[in-house]
Amino acid sequence: MEIDSLEGIWLCYTGSTQARISNPSRYHKVVSKLVDLKYKDGYFTYNRFGASFNHIGYMQFESPEIVSVYSRIKKNTGKTESPRHSLISLNTDTKYLSAISASWNFDVGDKNTMIGIREIYLKLGKGGGLKKSLMTLKTPVVNAKLSAGTR
C-alpha cells in the first residue's frame, strides 16, 4: 500500500525562483517539474527533471503518513551540490500534497543561498516512466525535454 501510494509520475510545483534576488519579477514565479519515483530496496528512487538541471535522490517513509525526501543536483562530478531536504504529509483529503523544504534559491554566485520553501506535489499516475524526447522541427525546444507515460 505504501509503495502504491508513492511510486509513479508526479508534478512538483516549487516557488524557489521567488527568492532570486537578481530577478525583479520573482514574486510571481512558480516552476513545475516532473518527478519519476520508483521503489527499490526499501527506498523510492527520486528523479526530478527541470529545464536547466535535474535532481536525484530518494524518498522514505518516516511514519505511516510522513515521507522524507532527500535530493541533490545530478552532476557527474561526484560532488553533492545544492542538497534539498523535504517532508511531505500524506494525511490529506486532497490530491495536492504540500512539502516543506530546505532548499536553495539557485541565484548566481554569492547570491545562491539556503532558503525554506513550500512545494506542491501532484501524482499524475501509477507506474509508467519518463523518456527523453529529441527536438525536431515538429517538437520545439519548449516541448522537447520530456514526455510522461502513466497508467
Exercise. Can you tell me which residues in segment 49-66 are at pLDDT below 90 and either assigned to a strand (DSSP E or B) or touching a Pro at 6+ places or on another chain (Cβ under 7 Å) (or both)?
Worked result: 49, 54, 55
Problem set entry | Meets criteria (part of a loop (DSSP other than H, G, I, E, B), of a type in the set (Ser, Thr, Tyr) and surrounded by fewer than 12 Cβ atoms within 10 Å (Cβ to Cβ)) for residue 22 | yes
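Would you confirm whether or not segment 123-137 contains a residue that is modelled with pLDDT of 80 or more, part of a strand (DSSP E or B) and either out of contact with any Gly (no Cβ under 7 Å at 6 or more places or on another chain) or surrounded by 13 or more Cβ atoms within 10 Å (Cβ to Cβ) (or both)?
Looking for residues that are modelled with pLDDT of 80 or more, part of a strand (DSSP E or B) and either out of contact with any Gly (no Cβ under 7 Å at 6 or more places or on another chain) or surrounded by 13 or more Cβ atoms within 10 Å (Cβ to Cβ) (or both), one finds at least one in segment 123-137, hence yes.
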Exercise. Taking the stated definitions as given, is residue 45 of a type in the set (S, T, N, Q), within 25 Å of residue 2 (Cβ to Cβ) and either surrounded by fewer than 17 Cβ atoms within 10 Å (Cβ to Cβ) or in contact (Cβ under 8 Å) with a residue 40 or more places away in the chain (or both)?
Worked result: yes
Exercise. Quick one: which of 107, 93 is of a type in the set (Asp, Glu) and surrounded by fewer than 18 Cβ atoms within 10 Å (Cβ to Cβ)?
Worked result: 93
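State all residues of segment 67-107 that are of a type in the set (Ser, Thr, Tyr), more than 18 Å from residue 8 (Cα to Cα) and assigned to a strand (DSSP E or B); if no residue qualifies, say none.
Of everything in segment 67-107, those that are of a type in the set (Ser, Thr, Tyr), more than 18 Å from residue 8 (Cα to Cα) and assigned to a strand (DSSP E or B) turn out to be 86, 101, 103.
The values are calculated or read from the model by the stated rules, or taken from the named source; none is laboratory data. Treat the numbers as computed from the prediction; the structure is a model and nothing was measured. FYI the Cβ positions are ideal-geometry reconstructions off the backbone, even for glycines, and counts take in every protein chain you see.
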